[in-house]
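Asker: I'd like to ask some things about the structure below.
The values are calculated or read from the model by the stated rules, or taken from the named source; none is laboratory data. If you're wondering where the values come from, they're calculated on a predicted model, not measured in any experiment. Counting neighbours? That spans all protein chains shown, and the Cβs are built from the backbone with ideal geometry, glycine included. Ligands, DNA and RNA are excluded from the accessible area calculation, which covers all protein heavy atoms including side chains. Shrake-Rupley method; radii C 1.70, N 1.55, O 1.52, S 1.80 Å.
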Amino acid sequence: MADAYCSDCKRNTEVVFDHSAGDTVCSECGLVLESHSIDETSEWRTFANESGDNDPVRVGGPTNPLLTDGGLSTVISKPNGVTSDFLSSSLGRWQNRGSNPDRSLILAFKTIATMSDRLGLVATIKDRANEIYKKVEDQKSSRGRNQDAILAACLYIACRQEDKPRTVKEICSVANGATKKEIGRAKEYIVKQLELEMGQSVEMGTIHAGDFMRRFCSNLGMTNQAVKAAQEAVHKSEEFDIRDGLTVAMQRVYIHEGTIRNSYKDLYPHLSKIIPGWYAQEEDLKNLCSP
């Protein structure tokens, strides 16, 4: 029960909601404060282990401007208990005649959504990847190419454009078997096609070491203080132009965790400049192994 102002009682009283009639009633005087209210809550709850084929949902998903009909087409589903002869029945024949022209797009969008979910990407990146794929598909030039690599490359470009970059290796881990080389080739192909369509270069966004830093440090289980020191060291490394991009992030993690050794000798002479003084003193830096 909740509280509401009752005009008869002249004060706030507890009210009772009658779900069957949609009335809000004062619990003290019985006055109907509001009638025929609309219940906007769900009609039912569906649990994963109980749903099976009995999905009670009566509506489809939201409209999709990338599809021909906005995603509002009607699909005749197979009734429960009906055998495979359904396709030869009248309803089945009508369903085949009115097949969705966007079926391949829908399957591609589902694949992109699955990859996005596995990488924990936000909806804006998924939508951008869908837009990129739609532009490539409209040109009818991707036929015969590795579809999984094309979809993965669209997701990679979308991450770059939304300033949430992922490495090719990360994208490859959810690309359904597509290799890094195939994704790289697909990315170059897509960028070329988009440039031909727009008549200008495609903005891919700039990759900064800090874009990968926190995620790498989190995977290594580093403390917040160590992560903060590593991020500050990255900024100083970029200011001094010692190393660039992903290499800096890798090297900064090495200084704290000892897991990555590549290019360590390039940074070693500059440790006193890039390592924050509040995190490590001059004497502490001398204890590091020389390359």
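Asker: Give me a count of the residues in segment 270-285 that are exposed (fewer than 11 other Cβ atoms within 10 Å of the Cβ) and over 20 Å from THR223 (Cα atoms).
Answerer: The qualifying residues number 2.
Asker: Quick check: is even one residue across segment 225-238 modelled with pLDDT under 70 and open to solvent by 50 Å² or more (accessible area, probe 1.4 Å)?
Answerer: Restricting attention to segment 225-238, the residues satisfying the condition of being modelled with pLDDT under 70 are 238.
Next, from what is left, pick out any that are open to solvent by 50 Å² or more (accessible area, probe 1.4 Å): 238.
Yes, segment 225-238 has at least one match.
Asker: Could you tell me whether segment 179-190 includes any residue that is modelled with pLDDT of 75 or more, of a type outside the set (Asp, Glu) and farther than 30 Å from VAL136 by Cβ? Step through it out loud before you land on a result.
Answerer: Looking only at segment 179-190, we keep the residues that are modelled with pLDDT of 75 or more, and these are 179-190.
Right, trim to of a type outside the set (Asp, Glu) and you get 179-181, 183-187, 189-190.
Within this subset, residues satisfying the condition of being farther than 30 Å from VAL136 by Cβ are none.
Looking for residues that are modelled with pLDDT of 75 or more, of a type outside the set (Asp, Glu) and farther than 30 Å from VAL136 by Cβ, one finds none in segment 179-190, hence no.
Asker: Still on this model: Select from segment 147-177 the residues that are over 14 Å from LEU119 (Cβ atoms) and outside any helix (DSSP H, G or I) and list them in ascending order.
Answerer: ASP163, GLY177
Asker: Working carefully through the options THR63, THR68, THR114, THR46, find the one that is at pLDDT below 90, over 25 Å from GLU203 (Cβ atoms) and out of contact with any Pro (no Cβ under 9 Å at 6 or more places or on another chain).
Answerer: Selected residue: THR63, the only one of THR63, THR68, THR114, THR46 that is at pLDDT below 90, over 25 Å from GLU203 (Cβ atoms) and out of contact with any Pro (no Cβ under 9 Å at 6 or more places or on another chain).
Asker: Scan segment 124-141 and report the pairs whose first residue is assigned to a loop (DSSP other than H, G, I, E, B) and whose second residue is open to solvent by 40 Å² or more (accessible area, probe 1.4 Å), with Cβ atoms within less than 9 Å and a gap of 6+ or a chain change.
Answerer: Pairs found: GLN139/LEU196; GLN139/GLU197.
Asker: Which condition breaks for PHE109 when tested against (1) without any contact (Cβ under 8 Å) to a residue 60 or more places away in the chain; (2) open to solvent by 30 Å² or more (accessible area, probe 1.4 Å)?
Answerer: So the condition that PHE109 fails would be (2).
Asker: Now a separate question. Go through segment 143-185 and count every residue that is open to solvent by 10 Å² or more (accessible area, probe 1.4 Å) and small (Gly, Ala, Ser).
Answerer: Number satisfying all stated conditions: 4.
Asker: Does GLU188 meet the test of being part of a helix (DSSP H, G or I), open to solvent by 40 Å² or more (accessible area, probe 1.4 Å), free of Cβ contacts under 8 Å to residues at least 40 places away in the same chain and farther than 20 Å from ARG118 by Cα? Talk me through it step by step, then tell me what you get.
Answerer: Working: part of a helix (DSSP H, G or I): yes; open to solvent by 40 Å² or more (accessible area, probe 1.4 Å): yes; free of Cβ contacts under 8 Å to residues at least 40 places away in the same chain: yes; farther than 20 Å from ARG118 by Cα: yes.
Yes, satisfied.
Asker: Just the residues that are surrounded by 12 or more Cβ atoms within 10 Å (Cβ to Cβ) and either at pLDDT below 70 or not hydroxyl-bearing (Ser, Thr, Tyr) (or both), please, taken from segment 13-28.
Answerer: GLU14, VAL15, VAL16, PHE17, ASP18, ALA21, GLY22, ASP23, VAL25, CYS26, GLU28
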